[in-house]
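In what follows, a single structure is set out as structure tokens and then discussed.
The values are calculated or read from the model by the stated rules, or taken from the named source; none is laboratory data. This is a predicted model, so every value here is computed, not measured. Cβ sites come from the backbone with ideal geometry, for glycine too, and all protein chains shown count toward neighbours. Just the protein is used for accessible areas: all its heavy atoms, side chains included, with ligands, DNA and RNA removed. Shrake-Rupley method; radii C 1.70, N 1.55, O 1.52, S 1.80 Å.
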Amino acid sequence: MSMAYEEYMRQMVKPMRAELTNAGFEELTTAEEVEQFMNEEDGTVLVVVNSVCGCAAGLARPAATQSVLNAEKKPDRIVTVFAGQDKEATSKMREYFKGYEPSSPSMALLKNGEVVHFIPRHEIEGNSIEEIMGNLESSFEKYC
């Protein structure tokens, strides 16, 4: 790939990254960061697999950020990896999603390192932000 393309993509996704990090999500950008995070983590974690697609922009990111802001019960930690951008980090995180096909965007609620709730792309596309938020918040109520 050309350096111009790589720089263009880095610049293009900055606001897509910032939408989550500005809401308090910790961004994991390398496989080592993911592994270190998961090795020290217990409790509940919401992981958002970010993406450049329209359903990530119009549905997944807004639903995730609003859910963690509005829910009474919340995960202990909130993190994100960026599919297509931080490929090694995303691949490493997906290793923890045993039994779930890769999906971008997607959201996983983990408790003590195990997925207890998973929202794949097909449960994001075609749903309203409110439906996705309800899905997330009901999982927070149950597991957090």
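If S2 satisfies every condition in (1) over 12 Å from the mean Cα position of the chain (by Cα); (2) under 24 Å from G113 (Cβ atoms); (3) hydroxyl-bearing (S, T, Y) but one, which is the exception?
(2)
Of everything in the stretch 123-141, what is of a type in the set (S, T, N, Q) and farther than 18 Å from K74 by Cβ? Give them in sequence order. Full working, then the answer.
Filtering the stretch 123-141 for residues of a type in the set (S, T, N, Q) gives 127-128, 135, 138-139.
Within the stretch 123-141, N127, S128 meet the criteria.
Of (1) touching a Lys or Arg at 6+ places or on another chain (Cβ under 7 Å); (2) at pLDDT 95 or above, C55 satisfies all except one. Which?
(2)
Out of the stretch 72-98, which residues are of a type in the set (G, A, S) and at pLDDT 95 or above? Give the derivation first.
Going through the stretch 72-98, the residues of a type in the set (G, A, S) turn out to be 83-84, 89, 91.
Those that are of a type in the set (G, A, S) and at pLDDT 95 or above: A83, A89, S91.
Please return the ranges of strands (runs of 3 or more DSSP E) entirely within the stretch 71-132 where 3 or more residues are surrounded by fewer than 17 Cβ atoms within 10 Å (Cβ to Cβ).
Values: elements: 77-82, 106-111, 114-119.
Output list reads 114-119.
Taking only pairs six or more apart or across chains, which ones have beta-carbon atoms under 7 Å, a first residue in the stretch 11-35 that is open to solvent by 50 Å² or more (accessible area, probe 1.4 Å) and at pLDDT below 95, and a second residue that is in a loop (DSSP other than H, G, I, E, B) and of a type outside the set (V, I, T)?
Hits for this filter: zero, empty list.
Filter the stretch 10-48 for residues that are over 22 Å from F140 (Cβ atoms) and not aliphatic (A, V, I, L, M) and give the result.
Of everything in the stretch 10-48, those that are over 22 Å from F140 (Cβ atoms) and not aliphatic (A, V, I, L, M) turn out to be R10, Q11, K14, P15, R17, T29, T30, E32, E33, E35, Q36, N39.
Hey, among E101, E95, E123, which residue is without any contact (Cβ under 8 Å) to a residue 12 or more places away in the chain and acidic (D, E)? Break it down into steps so the answer makes sense when it comes.
Details: E101 fails: without any contact (Cβ under 8 Å) to a residue 12 or more places away in the chain; E123 fails: without any contact (Cβ under 8 Å) to a residue 12 or more places away in the chain.
Criteria check complete, one pass: E95.
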